[in-house]
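First comes the structure, then the notes that go with it.
Bear in mind these aren't lab numbers, they're just calculated from the coordinates by the rules spelled out. This is a predicted model, so every value here is computed, not measured. Glycine also receives a Cβ, built like all others from the backbone with ideal geometry; neighbour counts cover every protein chain displayed.
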Amino acid sequence: MTNSIEEISKADYILAIGTNTTESHPIIGLEVKKAIRNGTGLAVADPRKTEVASMAHRHMQLKSGSDIALLNGLAHVIIEEGLYAKEFVEERTEDFEAFKETVSKYTPECVEEITGVPVDILKEVARNYAQAKNAPILYTMGITQHICGTHNVLAVANLSMLCGHIGKESSGVNPLRGQNNVQGACDMGALPNVFTAYQKVGMENVQAKYANAWNVDALPDKVGINIGQMMERAGSNVKAMYIMGENPVLSDPDSNHVAHALESLDFLVVQDIFLTETARLADVVLPATSFAEKDGTFTNTERRVQRVRKAIDPVGNAMPDWEIICNLSSVMGYPMNYSSAKDIFDEISTVTPSYAGMSYERLDNGGLQWPCPTEDHPGTPYLHKDKFARGLGKFSAVDYVPPAEQPDAEYPMILSTGRRHFHYHTGTMTRRTGTLDKYYNEESLEINEIDAQKLGINNGDKVKVTSRRGSVEVKACVGDTVPEGMVFTSFHFSEVAINKVTNSQVDPVSNIPEFKVCAVRVEKYSAKNVS
Amino acid sequence: MSNVTLTIDGIKVAVPRGTTVLDAATKAGIFIPTLCHDPNLEKYGACRICVVEIKGMRNLPASCCTDAAEGMEVYTKSEAVIEARKTILELLLANHPRDCLTCEKNGNCRLQDYCFYYGVKESSFNGIRKNHPIDDSNPYIIRDHNKCILCGRCIRTCAQVKERSIIDFAYRGFNTKVATAMDMPLAESECVYCGRCVAVCPVGALMFKPLKGKGRAFEIEKRPVTCTFCENGCTFDLNVKDGKVIGVTPREPGEGRPLCLKGRLGLELKYCDEPPKPMLKKNGEFVQVPWAEALEIKDLINKIIELD
Amino acid sequence: MADITLTIDGKQVTVPQGSTVLEAAQKADIFIPTFCHDPELSRYGACRMCVVEIPGMRNLPASCVTEARDGMEVYTESPAVIEARKTILELLLANHPLDCLTCPKNGDCRLQDYCYYYGVGDTPFEGEHHEYEVEEENPFIVRDMNKCILCGKCVRACAEIQGRGVIDFAYRGVNTKVATIMDVPLSESECLFCGNCVAVCPVGALQEKGLRSQARTWEVEKVKTTCSYCGCGCNFDLNVKDNKVVGVTSCDGDVNGRALCVKGRFGYGFIHHPDRLTKPLIKKDGEFVEAEWDEALSLVAGKMGETKKEYGADSLSVLSSARCTNEENYLLQKFTRAVLGTNNIDHCARL
Ligand code: SF4
Ligand code: SF4
Ligand code: SF4
Ligand code: SF4
């Protein structure tokens, strides 16, 4: 997020795109609710009637995967009506002309055609957003989990720059991170192309700096492969894999393919707290500890680094992940002699400019938002204040492309996936709590009542969802949360392993799979179609 | 000494011959509730809350008075045991006042602990409530017999110091009560206010008067200190609340540890933020006395002044 | 904003204009008891526990809704004030069950605290005792409306923190009760079980089901930490008893204040789930066999080493985790780059 969570409630106008905020980010959802109580305007773009959509002053129920058309349409209206921040565009951005040219094609009428959002609503939201004093945009996977996810993100950035709604308190571009420490994992360089704080692999000075810090002669300087490529090459170029605390068999698209890939490895190590679907495939499973059994830090979605504190001793012979890595490294001839998580953090702050001013002593008095370059720096609540990281903000002209899979005669409906309030991720934790699993113990498929009627499906009936890749059976939940032609479910339940059905087509830049759209056929489950 | 091996709740334990089943269970890390038992006192076996089931034995024996024997099979949590414990608690509740709301012992009371643990909220027995007057005739100890569960620990610990034995059971049946000779108020007895009885009372029947209304167990942190007035070296607890020492209470009485009043007053003077004024009995009345007199150091102080 | 100065119990206090007498007293470190007041919620002024004496004012005003004025003289412990507070407590006790013996809130209850401090153990009032059934049918929250003192904090927390308004006052007079719409159980209402109402309840009327059945209030140690579910990064206190996590309670979090969602507050059961892995496992002939750390680690080290030797470092790849700490992610990428010698590291960031 470029803003802080607490800034949301102080905004004049909020544009939320593809985020089921109150369910997926409950506490940020509370900020949005607070904002509304304070009189803030809210526009939500989402194909589903989510809770936050129902609270919105305007709900733009766009067709799945048509976000770019919508965003360009908003920009079109804003430019057309002269509502954009001319000074900001002139002083702090570049490539405006090309962008203007591209969005000129996206007239409200043509946007209505693609997205289904009526012309007058589009115009109203465009005006409100542009004329607000400060206006954050919130988005999540609804934007990124598409083959055009990267372009979606650029289109969001274009809109915020166009109106100068960035680099100010309560104005910015705010991707809400799904998992507790996605931000931290990226910051720490758990990526094939960067070290910590996004310092690029392959740059001579960076390579030298880390080789020096880590006391090795040289470090590999060729950018590595990402998770999708790992799965593709498993068994051929990739022979052995080490997985710490992830369950790609359930979480990644086209799970049959992922499971097959992992099985074809020569050697697989999984380090986790439960014997997950992925761990079952391993040659060696190492028992790690939960967050209650270790010290450390997490970085939340607003870049706030906060302490995790050990409350109990490890269960059984389990070991905190960091200790496992230290021990393994030592066995492999590279001793890592950290005596505590604090020791590691001290090293992190010496090699990571945005964390340089942080220490456990400081974090014990409360979290700090990066960048925090020096010991007396208070942290940074919002980014891009006077200048963008790259200097001038760059407009990127992007065009709408339809989702990889379109409904057709055989697979006439669109399936979208997401999260539920009572569960989390692949359910390995929430389904073993004795509380959440008791209360919400069966997954269902949301389907519009009109479709249900056509297909002869009643609320609670078991249905079968089939795509080109696989099928699952699930209970139907008939209502009007999803529009006609769309169905929705979550990936929390292994019994409804929906990722057997989803499409593993990825965005070419970010490699994020298109979880939000794939073509499926839904039919009432009967003994006949079991085979 | 030879060992015996027995099984408690399926766990094998080896203990020296002569060990009680209760001690064997404690050694195996198995919890058995007790009210009248105190490792520092002689065996008593009266409250029966520590009953267990032992294969081959009729009834449920009290584990604190039953010796462990070779091959014994003990069950501490069987249905019959739990039932018996609940009944004992209900009987105790039948004539126990419902005072936890403002009771000084709240949060550090065995009766309360066990009632919570065994889920005993009400008594199905309709006991007659006792209506004893509260004895606060002296400045140090408050006695509320209505809360007494007759475990007798106070009597036994008092008797551990030569020539004391100030209190004993008196009367019979429902009227049984712990009393001084002739059932006089404590102030009129030979009591020396060492407070060892207060230290062992498992409920709110005996309380420290200076601490009344000053805080409950969960608000107070106890820090042990050793008294240096005499060679016995008794240990006391500083009672700390919100960073302030609000009182000193005796800790763990036992043979050879008199826990005398003088020692406790001395520690109060030394550690308390606002030490309460010392009171001594003169001609049968408690009167406030100077510290030097209470601590019996008048001569010393005079001499020090002289020499300096 | 202008400052004003007033005298409370003989102490001079200077506060910004618009402060309440209660706030001024708190600033001067003078304790005033409250039931219905909460700094994060709208002012209510219903319980009257916080009354004070202000010469020149008729009656005893509630300090939580009385604005401090320049030159004001306030007495917080005068006999009239103490008398009033005792009467309020006696009135509350008149229809409160005397349940502290086994009440899960024992030791962390404002009603109990104030009764103890003002020495109110009994009530001269003959009150009507309700016989509401205790609501226990959901796995998260126990509601015992017999113990409710109608402070209305839960109602305001649900509306003002959670933005939901699931519960409100219902019925009238002695039958007044906090209830859901149509007085159905929470599980049949719009309740999301965030438990933010439980966090503000001053007595034992609302309780965390798991926590309160496993530990008494004074038996737990609280350890402040950060939630391991979503990216909001809420802080809370893990409640620990005998080396076990028995519950979660609110602390004052940087991001969340006292608010939490159902996962953070009630989703800790996995920590001690019997399915937890407690020993390394090595697959032998298709079956997992338990192993010691030494054996497992040397096997992993050996295999990784051999593979690297035979096929080169880039035949190895590593998946790190958005669930693990920064320290662990840092170490794993360091291990991958410096020890394995490849940049093949990624994590499931996109999900
Ligand atoms: S002695 Fe124990 S059970 Fe009895 S009133 Fe006091 S705290 Fe409650
Ligand atoms: S709510 Fe408070 S006063 Fe009422 S029974 Fe529980 S602990 Fe006692
Ligand atoms: S748990 Fe949350 S949603 Fe439910 S009544 Fe309480 S505050 Fe409202
Ligand atoms: S349930 Fe608790 S918070 Fe709600 S009104 Fe009753 S006492 Fe107050």
Got a sec? Charge dipole of chain A, +1 on Cβ for Lys and Arg, -1 for Asp and Glu; which of A:I227, A:V103, A:L74 is way out at the positive end?
A:L74
Considering only DSSP beta bridges where both residues belong to the protein assembly as shown, give the percentage that are antiparallel (nearest 5).
65
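What's the local net charge at B:G256, with K and R +1, D and E -1, over the other residues with C-beta under 14 Å away?
+1
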Amide H contacts of B:D99 (H built 1.01 Å from N, under 5 Å, at least 5 apart or other chain)
none
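Could you compute the net charge surrounding B:G29? Neighbours are other residues with a C-beta less than 14 Å from the C-beta of B:G29; K and R count +1, D and E count -1. Before the final figure, lay out each step's value.
Numbers: positive: B:K12, B:K27, B:K77; negative: B:D9, B:D23, C:D242.
Once all neighbours under 14 Å are counted, the net charge is 0.
Using only alpha carbon pairs under 8 Å that are at least six residues apart, calculate the relative contact order of chain A and give it in whole percent.
Working: 1073 pairs, mean separation 86.6, N = 531.
Contact order relative to length: 16 percent.
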Between the residues C:Q214, C:G257, C:I167, the Cα farthest towards the positive end of the dipole of region C:126-272, that dipole coming from +1 and -1 charges on the beta-carbon of Lys, Arg, Asp and Glu, is from C:G257
So which of B:K214/B:K282; A:K239/C:K279; A:K387/C:K27 end up more than 32 Å apart by C-alpha?
A:K387/C:K27
May I ask you to list the GluC sites (Glu not before Pro) in region B:17-106 that are in a DSSP loop and have at most 16 other Cβ atoms within 10 Å of their Cβ?
B:E42, B:E70
Hz values of 3J(HN,Hα) by residue in region A:225-242 - Karplus curve (6.51, -1.76, 1.60), Gly and Pro given as x
9, 8, 4, x, 5, 4, 5, 5, 8, 4, x, 9, 6, 9, 9, 9, 9, 10
Are there GluC sites (Glu not before Pro) in region A:429-501 that DSSP puts in a loop and that have at most 14 other Cβ atoms within 10 Å, and which ones?
A:E442, A:E484
What distance in nm separates the two pseudo spin-label positions at B:E73 and C:W218, each 7 Å out from Cα along the beta-carbon direction?
4.1
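Do any GluC sites (Glu not before Pro) in region B:183-288 lie in a DSSP loop with no more than 16 other beta carbon atoms within 10 Å, and if so, which?
Details: sites: B:E188, B:E190, B:E219, B:E221, B:E231, B:E255, B:E268, B:E285; in loops: B:E190, B:E231, B:E255.
The qualifying sites are B:E190, B:E231, B:E255.
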Which far-off residues, 5 or more places away or on another chain, put their amide H under 5 Å from the one on B:G247, with H placed in the peptide plane?
B:N239
How many lysine pairs are close in region A:36-140, with Cα atoms under 22 Å apart and the two 8 or more places apart or on different chains?
11
Let me know the longest stretch in chain C that avoids all chymotrypsin sites (Phe, Trp or Tyr not before Pro) found in a DSSP loop with at most 15 other C-beta atoms within 10 Å.
C:172-351
Could you run the Karplus curve 6.51 cos²θ - 1.76 cosθ + 1.60 with θ = phi - 60° over region C:73-88 and give me ³J(HN,Hα) per residue in whole Hz, x for Gly and Pro?
10, 10, 10, 9, 10, 5, x, 5, 5, 4, 4, 4, 5, 4, 5, 4
Contact order relative to length of chain C, as percent, for alpha carbon pairs under 8 angstrom and 6 or more apart
10
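Provide the FRET efficiency to the nearest 0.05 for the A:E495-A:N458 pair, computing r from the beta carbons and using R0 = 22 Å.
On the way: r = 21 Å, r/R0 = 0.94.
Plugging the Cβ-Cβ distance into 1/(1 + (r/R0)^6) gives 0.60.
Would you work out the charge dipole size for region A:225-287 about its Cα centre, treating the Cβ of every Lys and Arg as +1 and the Cβ of every Asp and Glu as -1, and quote it to the nearest 20 debye? Intermediate values should be presented prior to the final figure.
Values: 3 positive and 9 negative charges, 26 e Å.
Once rounded to the nearest 20, the dipole reads 120 debye.
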Largest fluctuation, B:C151, B:C109, B:C100 only, Gaussian network model of chain B with Cα springs under 10 angstrom, belongs to B:C100
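Only Lys, Arg, Asp and Glu count, each charged at its Cβ (+1, +1, -1, -1), so figure out the dipole size of the protein assembly as shown about its Cα centre, rounded to 20 debye.
I would put it at about 2240 debye.
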With point charges of +1 on the Cβ of Lys and Arg and -1 on the Cβ of Asp and Glu, referenced to the Cα centre of region A:5-176, which listed residue (A:T19, A:G29, A:T115) lies farthest in the positive direction of the dipole?
A:G29
Given unit charges at Cβ for Lys, Arg (+) and Asp, Glu (-), the dipole magnitude of region C:200-299 about its Cα centre in debye, nearest 20, is 580
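At R0 = 22 Å, how high is the FRET efficiency between A:E90 and A:A389 if r is their beta carbon distance? Nearest 0.05 is fine. Write down the numbers at each step before the final one.
Details: r = 20 Å, r/R0 = 0.89.
For R0 = 22 Å, the calculated efficiency reads 0.65.
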Extending each Cα 7 Å along its Cβ direction at B:T235 and B:I297, get the distance between those two points in nm, one decimal.
2.4
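Considering Cα pairs under 8 angstrom that are at least six residues apart, work out the relative contact order of region C:286-351 and quote it in whole percent.
Working: 49 pairs, mean separation 20.7, N = 66.
Relative contact order here is 31 percent.
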Once amide H atoms are placed 1.01 Å from N in the peptide plane, what residues at a sequence separation of 5 or more from C:V246, or on another chain, have their amide H within under 5 Å of its amide H?
C:N239, C:V240, C:K241
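What value does chain C have for Rg/Rh, both radii from Cα atoms and Rh as Kirkwood defines it? Walk me through the numbers on the way to the answer.
Details: Rg = 27.6 Å, Rh = 24.5 Å.
Reported Rg/Rh (Cα atoms, Kirkwood Rh): 1.13.
Could you tell me which of the pairs C:K147/C:K222; C:K222/C:K334; A:K33/A:K342 are separated by over 29 angstrom between their Cα atoms in the structure shown?
Working: C:K147/C:K222 26 Å; C:K222/C:K334 34 Å; A:K33/A:K342 37 Å.
Violating the 29 Å limit, Cα to Cα: C:K222/C:K334; A:K33/A:K342.
Only bridges whose two residues both fall in region A:5-176 count here: according to DSSP, what percent of them are antiparallel, nearest 5? Kindly include the intermediate steps, with their values, before the conclusion.
Values: 1 of 15 bridges.
Here the share of antiparallel DSSP bridges comes out near 5 percent.
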Applied in sequence order to region A:352-358, the curve 6.51 cos²θ - 1.76 cosθ + 1.60 (Karplus, θ = phi - 60°) yields integer Hz couplings, x standing for Gly and Pro, of 10, x, 6, 9, 4, x, 9
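Neighbour counts of other C-beta atoms within 10 Å: give me A:F493, B:F174 arranged from fewest to most.
On the way: A:F493 23, B:F174 10.
In order of increasing Cβ crowding within 10 Å: B:F174, A:F493.
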